[in-house]
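Inspection log for the structure reproduced underneath, given as structure tokens.
Please treat every number below as a calculation from the coordinates, not as lab data. Here the structure is a predicted model, which means the values were calculated and not measured. Positions of Cβ are generated from backbone atoms using ideal geometry, with glycine treated the same way; all protein chains shown enter the neighbour counts.
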Amino acid sequence: MTDEGFERAVREHRNRVHSHAVWLLRDGEEARDVSQEALVRLWRHRSDVPDAAARSWLLRTTHRLCLDRHRRTAARPEVAEDDSQEAQRADPAPDPERAAASSRLGGVLAGALERLAPRDRAIVLLREVEDLPYDEIAEALGIPLGTVKAALHRARERLRVTLLRAGVHP
């Protein structure tokens, strides 16, 4: 990867890398650190990473860094709600009733996602939020394509059951 390719990769993918880290870590400050580390590693390994592979390389590196952070901080108390709010997408609501319903759904969905294993949560987010194709998810996470499909199916089913139990009909 050339220096120009690196700059282009940073411009095009830094927000996606940060968003992925926020969703996995549920902590804005930790996510910024991990995002920065992933970009630093891309810079260090730029000669080994083809321009076309930058996105999947960054997502795979971010995912692994998040898993490492998660393992190191597993015993740490829950993250303050303000940090997890950063991970939720803004949903403009035209009226207070819709805003309340949207907030409740966002909270239920965030809680359901939080209960998924980190790898399964990453698969769901990469597919449903980032809209990545299955093969890119497999490449980004370094797992077989069949594993992505099976894990996504199981995760969707767990999310559906959790939402139904909370009175939300997907």
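Figures for the structure shown
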{"item": "Cα→Cβ-extended label distance, 7 Å offset, between residue 131 and residue 117, nm", "result": "2.9 nm"}
{"item": "Stretch gain in nm, segment residue 37-residue 143, where the contour uses 0.36 nm per residue and the Cα spacing is subtracted", "result": "36.0 nm"}
{"item": "FRET efficiency, 1/(1 + (r/R0)^6) with R0 45 Å, evaluated for residue 53 and residue 161 via beta carbons", "result": "0.80"}
{"item": "Theoretical gain in end-to-end length, residue 44 to residue 110 [0.36 nm per residue, Cα-Cα removed]", "result": "20.3 nm"}
{"item": "In sequence order, calculated HN-Hα J values of the range 7-12 (Karplus, 6.51, -1.76, 1.60; Hz; x Gly/Pro)", "result": "4, 5, 4, 4, 4, 7"}
{"item": "FRET E, pair residue 15, residue 153, Förster distance 30 Å, beta-carbon r, rounded to 0.05", "result": "0.60"}
